[in-house]
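Peer 1: Please find one structure pasted underneath; my questions will follow.
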Amino acid sequence: MEIKQRLIERCRELLLETENNLKSVIDDAQKAANEYGLPRDRYDSFRTQLLRKRDMFAQQLAKNNEQLNLLEKIDPDKKLSRVEFGALVITEYQKLFISISLGKMSIDGEEYYAISAAVPVYKAMEHKKAGEEFIFHGKKNKIISIS
């Protein structure tokens, strides 16, 4: 299996794990609110806090699902010649997968960084080709390959 496909699978695994955790926390918060019942008086905010907690995790779940949908748009077989969404960019200093922000991950003992197109390092190298250089935080970096 090609490395880009493996990176997509790893990102998907992490997102699905997060989704399961969030669903569990949402269910727990809802269950606790239901068990607590109606507010005891108008100053009783415990149930409201539980429901706010549930809603906060529901928002995180929605964002996680957006990330999953974005990941699904990447075609691992599409060969790219410029730094853009879906590209695996190998530089002198690191290996970057332009996809969603999940940070560092290890595959076959190699470290890769899943980053979004919104981060500053992406902006510094956007639309560059293999062999071109870019400057990030005052440090020159060269793009070795793009796939």
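The values are calculated or read from the model by the stated rules, or taken from the named source; none is laboratory data. Computed from a predicted structure; not experimentally measured. FYI the Cβ positions are ideal-geometry reconstructions off the backbone, even for glycines, and counts take in every protein chain you see. These area figures cover heavy atoms from the full protein model, side chains too; ligands, DNA and RNA do not enter into them. Shrake-Rupley method; radii C 1.70, N 1.55, O 1.52, S 1.80 Å.
Peer 1: Filter segment 1-38 for residues that are open to solvent by less than 80 Å² (accessible area, probe 1.4 Å) and not in a helix (DSSP H, G or I) and give the result.
Peer 2: Selection gives Glu2, Gly37.
Peer 1: Let me ask something else. Output the residues belonging to segment 40-75 that are closer than 21 Å to Lys4 by Cα and in a loop (DSSP other than H, G, I, E, B).
Peer 2: Of the residues in segment 40-75, the ones closer than 21 Å to Lys4 by Cα are 64-75.
Hits for segment 40-75 are Lys73, Ile74, Asp75.
Peer 1: Against the conditions (1) at pLDDT below 95; (2) surrounded by 16 or more Cβ atoms within 10 Å (Cβ to Cβ); (3) not aliphatic (A, V, I, L, M), where does Thr48 fall short? Just the number, please.
Peer 2: (2)
Peer 1: Within the set of pairs 6+ apart or on separate chains, which have a first residue in segment 92-107 that is under 24 Å from Ser81 (Cβ atoms) and at pLDDT 95 or above, a second that is assigned to a strand (DSSP E or B) and among the hydroxyl-bearing types (Ser, Thr, Tyr), and C-beta atoms under 8 Å apart?
Peer 2: So the pair list comes out as Gln94/Tyr113; Lys95/Tyr112; Lys95/Tyr113; Leu96/Tyr112; Leu96/Tyr113; Phe97/Tyr112; Phe97/Tyr113.
Residue-wise test of (1) open to solvent by 80 Å² or more (accessible area, probe 1.4 Å); (2) among the polar types (S, T, N, Q).
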residue	(1), (2)
Met56	yes, no
Asn65	no, yes
Glu84	no, no
Ala114	no, no
His127	yes, no
Asn141	no, yes
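Peer 1: Scan Lys78, Lys140, Lys123 and give me the residue that is of a type outside the set (Gly, Ala, Ser), farther than 14 Å from Arg12 by Cα and either in contact (Cβ under 8 Å) with a residue 24 or more places away in the chain or part of a helix (DSSP H, G or I) (or both).
Peer 2: So the residue among Lys78, Lys140, Lys123 that is of a type outside the set (Gly, Ala, Ser), farther than 14 Å from Arg12 by Cα and either in contact (Cβ under 8 Å) with a residue 24 or more places away in the chain or part of a helix (DSSP H, G or I) (or both) is Lys123.
Peer 1: Would you pick out the residues in segment 67-81 that are open to solvent by 60 Å² or more (accessible area, probe 1.4 Å) and of a type outside the set (Ser, Thr, Tyr)?
Peer 2: Let us first name the residues in segment 67-81 that are open to solvent by 60 Å² or more (accessible area, probe 1.4 Å), namely 69-70, 72-73, 75, 77-79, 81.
Listed by number, the residues that qualify are Asn69, Leu70, Glu72, Lys73, Asp75, Asp77, Lys78, Lys79.
Peer 1: Another question, then. Any idea how many residues of segment 3-41 are at pLDDT 95 or above, touching a strand residue (DSSP E or B) at 6+ places or on another chain (Cβ under 9 Å) and β-branched (Val, Ile, Thr)?
Peer 2: Result for segment 3-41: 1.
Peer 1: Got a number for residues in segment 15-41 being closer than 24 Å to Ile100 by Cα and without any contact (Cβ under 8 Å) to a residue 24 or more places away in the chain? Even if it seems obvious, please write down each step before you answer.
Peer 2: Taking segment 15-41 first, the residues closer than 24 Å to Ile100 by Cα are 15-26.
Those still in the list that are without any contact (Cβ under 8 Å) to a residue 24 or more places away in the chain too: 17, 20-21, 24.
Going through segment 15-41 one residue at a time, the tally reaches 4.
Peer 1: Can you tell me which residue among Gly131, Gly86 is more than 19 Å from the chain's Cα centre (by Cα), part of a loop (DSSP other than H, G, I, E, B) and modelled with pLDDT of 95 or more? Write out each step before concluding.
Peer 2: On the way: Gly86 fails: more than 19 Å from the chain's Cα centre (by Cα).
Being more than 19 Å from the chain's Cα centre (by Cα), part of a loop (DSSP other than H, G, I, E, B) and modelled with pLDDT of 95 or more holds for just one of Gly131, Gly86, which is Gly131.
Peer 1: Now a separate question. For segment 66-104, give me each residue that is of a type outside the set (A, V, I, L, M) and in contact with a helix residue (DSSP H, G or I) (Cβ under 7 Å, 6 or more places away or on another chain).
Peer 2: Once the filter is applied, which keeps residues that are of a type outside the set (A, V, I, L, M) and in contact with a helix residue (DSSP H, G or I) (Cβ under 7 Å, 6 or more places away or on another chain), segment 66-104 yields Gln67, Pro76, Phe97, Ser99.
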